[in-house]
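Some notes on the structure that comes next.
The values are calculated or read from the model by the stated rules, or taken from the named source; none is laboratory data. All values reported here derive from a predicted model rather than from experimental measurement. No Cβ is skipped: glycine too gets one built from the backbone with ideal geometry, and neighbour counts run over all protein chains shown. Protein only, heavy atoms only, side chains kept; ligands, DNA and RNA dropped before computing areas. Shrake-Rupley method; radii C 1.70, N 1.55, O 1.52, S 1.80 Å.
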Amino acid sequence: AGGPDGDVAGNQILNLEKYFPNTAMLITLIDVSGVIYDPSGLDLQSLKMLFQEAKPIRFYPIDKLSEGGFLLDTKSEKKEADHIVKILCTKKVNGRLIEEWLSASDAQEIVRTFVHKTSVDVFIPAGGRPGTLNQFNVADFLDSKLKPTSKAIIEGANLYLTPEAREFLEQKGTIIIKD
């Protein structure tokens, strides 16, 4: 959680690119501009450039997405009627980039839950609001077998987890490194 234009997440991207360029795989990010996902790993060099230019993930070069990857750009929207707004989601399908306009509610569901529902070894909240993961939505951090989607959480910024969420996930076996 947190994008390349933020200081905590941006510096974490720099650390991954500098110290673990061949072993770290960053597969999803969320920031103020949307959500990006690449099952084969996002290009750390491209993310480093975004950090250096202070740009959010909506400026990630989408041609670098792997099959199954997507970029939900919440800043690119179109109005179809007075109360109908669509949000741009670009996906890599069968080797081609496809633009799909999602309903605002479908886009909001991705923004609200995707990074929590994605199974990873380590989840690093390096941006977001205090209490983003709390007693009301901590179940989003569980897979279909009710196991946490991450073995460890390295809480990098903003008290991302409430005490209730932290206790719940620790009881489920997640290692949480605070601050």
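Results, tabulated for the structure shown:
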quantity	calculated
Close pairs from region 1-27: first within 24 Å of residue 117 (Cα to Cα), partner modelled with pLDDT of 90 or more and basic (Lys, Arg), Cβ under 8 Å, at least 6 apart	4/48; 4/55; 5/55; 13/48
Enumeration of residues in region 33-55 that are open to solvent by 20 Å² or more (accessible area, probe 1.4 Å), in contact with an Asp or Glu (Cβ under 8 Å, 6 or more places away or on another chain) and part of a loop (DSSP other than H, G, I, E, B)	39, 40, 54, 55
Some residue of region 1-17 being within 19 Å of residue 53 (Cα to Cα), open to solvent by 70 Å² or more (accessible area, probe 1.4 Å), modelled with pLDDT of 90 or more and hydrophobic (A, V, I, L, M, F, W, C)	no
Residue match in region 75-89 (condition: under 20 Å from residue 3 (Cβ atoms), part of a strand (DSSP E or B), open to solvent by 50 Å² or more (accessible area, probe 1.4 Å) and not β-branched (Val, Ile, Thr))	yes
Test: residue in region 145-164 that is more than 20 Å from residue 9 (Cβ to Cβ), surrounded by 17 or more Cβ atoms within 10 Å (Cβ to Cβ) and not small (Gly, Ala, Ser)	yes
First in region 106-123 and under 14 Å from residue 2 (Cα atoms) and surrounded by 15 or more Cβ atoms within 10 Å (Cβ to Cβ), second anywhere and at pLDDT below 95 and of a type in the set (Gly, Ala, Ser), Cβ under 9 Å, 6 or more apart	115/1; 116/1; 123/1
